[in-house]
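The next block holds one structure in the form of structure tokens; read it before the comments.
Bear in mind that the values in this text are calculations on the coordinates, not laboratory data. Being a predicted model, the structure only gives us computed values, none of them experimental. Every residue, glycine among them, receives a Cβ derived from its backbone with ideal geometry; neighbour counts consider all protein chains shown.
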Amino acid sequence: MILIHTPNPKEVDAYLALFRAARPQRRFIALDDQADLSQVSQLIAWGPPEGLLSRLPRLQAIFALGAGVDKLLSRPDLSPATPIYRLLDGGMAAQMTEYIRYGVLGYQRNMDVYRRQQAAGQWRMLAPRLPGEVSVGILGLGEIGSAVARALAHDGYLVSGWSRSPKRIHNVHSLHGESGLEKLLERNQVVACVLPSTPETRGLLNGERLSLMQPGSMLINAGRGDLLDQRALLALLDNGHIRCAQLDVFAEEPLPADHPFWRHPAVTMTPHIAAITLRERAVEQICAGLDRLERGLPADGLVRRDDGY
Ligand code: GLV
């Protein structure tokens, strides 16, 4: 039996319908089906409630309905032996590309400056810049980050990327390690972060590293909120060192109503929507994974617990 759970019951219903249509021979259930949880062998979930995992004694695998599994990995009721599979794309790479391309294009065309000028009633033309004059550094070159880097390089931007190990991507300068991170921050006008939250990345963008960014640069964070020292970013925005930020993720979500980001003229905020799981794509990957596991083959997206993704 395969249990499906997300915090939104309507979404659970939508997933149930899609999974049942895709694999009619399998038994998919929801928590409220009064099902015998002791028979659940697989869990497909986003944000399962506290204690649920310990009520599933026969659980063999968890399929996360997202790309980031930080919340799941921090659960005390998660057995170290249960494999977790995360979504490798789920339609997210294309959305993330749009989100970051929007920010980079806005920066290239000075839209943030024009917004401020508009608010101040100023009519002032700025010199145009071509994509080839704008450098962009992507933090994180996994499935999603590589797709973003490739697309921006194709647009004509000067693209670098940083990841744990060196990567080969056409027209993308690959950097890794601590010195690579510093170079990426120092050399790019836009820094866009799509890293997952892991023990190694939490707090990565601290005040010291953010200060390495070029004067007049832009920060985009669409990875996880806990990668970034929000207070340090605020100080660098306030003193004008960093020109603007586009933020999709926050240390606390929803961001508390009194947080200065809400009303900051240099901040564009979105409520964790940069890349949302597309249900049909998620169902496709997870069904393929279920089939492969049944045949004794490895499924895609196995999370390496030690690495945190
Ligand atoms: C969204 O943030 C995800 O991890 O899928």
Need one word for the stretch 91-136: rounded, prolate or oblate. Basis is the Cα gyration tensor (sqrt eigenvalues a ≥ b ≥ c); a/c below 1.5 gives rounded, then a/b vs b/c decides.
oblate
Where is the GNM fluctuation largest for the chain (alpha-carbon springs, 10 angstrom cutoff): Val194, Val113, Val69?
Val113
Degrees between helix 177-187 axis and first principal axis of the chain (Cα, 0 to 90, nearest 10)
40 degrees
As I understand it, the value is the acute angle between the Cα axis of helix 9-22 and the longest principal axis of the Cα atoms of the chain; what does it come to in degrees, rounded to 10?
70 degrees
Scoring only Lys, Arg, Asp and Glu (+1, +1, -1, -1) among other residues with Cβ under 13 Å from the Cβ of Gly51 yields 0
Rounded to the nearest 500, what is the 222 nm mean residue ellipticity of the chain from helices alone, with -39500 (n - 2.57) per DSSP H run of 4+ residues and division by all residues?
-9500 deg cm²/dmol
How many angstrom lie between the Cα centre of the stretch 138-166 and the Cα centre of the stretch 260-309?
18 Å
Sum of side-chain charges, Gln117 neighbourhood, beta-carbon under 14 Å (Lys, Arg +1; Asp, Glu -1)
+4
Sticking with the crude label model, points 7 Å out along Cα→Cβ, report the distance from Glu133 to Ala30 in nm, one decimal please.
5.5 nm
Distance between the stretch 1-33 and the stretch 201-258 - C-alpha centres, whole angstrom
38 Å
